[in-house]
Amino acid sequence: MNSSSSTRGMVNLGMASALAMFLGACGGMSLPSLSGSPSPPPEPAVAPDMPATVRADEIAGRWGLASYQNPNDRVRTEAAARGQCKQPYVITAGATGGVVMHLADQATPQELRLKGSPSGKNYIGPPGPVPGEQDREIVSFDGRVLVTRFVDKDAATRYGNMVYVRCAPKA
């Protein structure tokens, strides 16, 4: 073997080693796309549905309904809601475990889900993210009085804090 073929072999071996190191380093790098369009951002992880601490069977029933804007009006509004039991707002149990209620500005009631959240708050609304724009937050619930407020700021301004007072069972 002459010295020129030995030198050529060493150069080829050196180039192959350098190419292998370069390609190995590329595995951990992100090279820019030549297509001109940026790669899409990674999809956010979808949080699993959290159960609410309030159950549908606790909400189903006949309720007197009124609303207030000013927190100082809550006691008076509860009394006004109690007076509405002559024409109660009826919340029924849904076919798939939810409750049948109206969404803001909707004439026809539909089945809504009771949804929990990582913050510990409970919501009533259609399936989807928590809190969703069509959800209402359960502000308080003691089994007898339920207070909700719509998440959507416009609906919350128009409807205020909705006070549901459980009506006595029919005689």
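Some notes on this structure:
- Filter pass, LEU65 being in contact with a Pro (Cβ under 9 Å, 6 or more places away or on another chain), closer than 15 Å to VAL139 by Cβ and part of a strand (DSSP E or B): yes
- Restricting attention to the range 99-147, the residues that are over 10 Å from the mean Cα position of the chain (by Cα), among the acidic types (Asp, Glu) and over 22 Å from ARG62 (Cβ atoms) total 2.
- Residue count for the range 123-149, restricted to those that are surrounded by fewer than 19 Cβ atoms within 10 Å (Cβ to Cβ) and of a type in the set (Phe, Trp, Tyr): 1
- Pairs linking a residue in the range 109-137 that is farther than 18 Å from TYR89 by Cβ to a residue that is crowded, with 16+ Cβ neighbours inside 10 Å and acidic (Asp, Glu), with Cβ atoms under 6 Å and 6 or more positions apart or on different chains, are LYS121/GLU137; TYR123/ASP135; TYR123/GLU137; GLU133/ASP152.
- Where a residue in the range 68-89 is within 14 Å of PRO169 (Cα to Cα) and its partner, wherever it lies, is surrounded by fewer than 15 Cβ atoms within 10 Å (Cβ to Cβ) and not aliphatic (A, V, I, L, M), with Cβ under 9 Å and at least six apart: TYR89/HIS102
- Selection status of ASP152, closer than 14 Å to ALA52 by Cα, under 20 Å from the mean Cα position of the chain (by Cα) and buried (at least 16 other Cβ atoms within 10 Å of the Cβ): no
- Looking across the range 109-144, the residues that are out of contact with any Phe, Trp or Tyr (no Cβ under 9 Å at 6 or more places or on another chain), in a loop (DSSP other than H, G, I, E, B) and under 19 Å from ALA66 (Cα atoms) come down to PRO109, ASP142, GLY143, ARG144.
Where a number appears in this text, it was derived from the coordinates with a stated rule and is not lab data. Computed from a predicted structure; not experimentally measured. For neighbour counting, all protein chains shown are included, and Cβ atoms are generated from backbone atoms with ideal geometry for every residue, glycine included.
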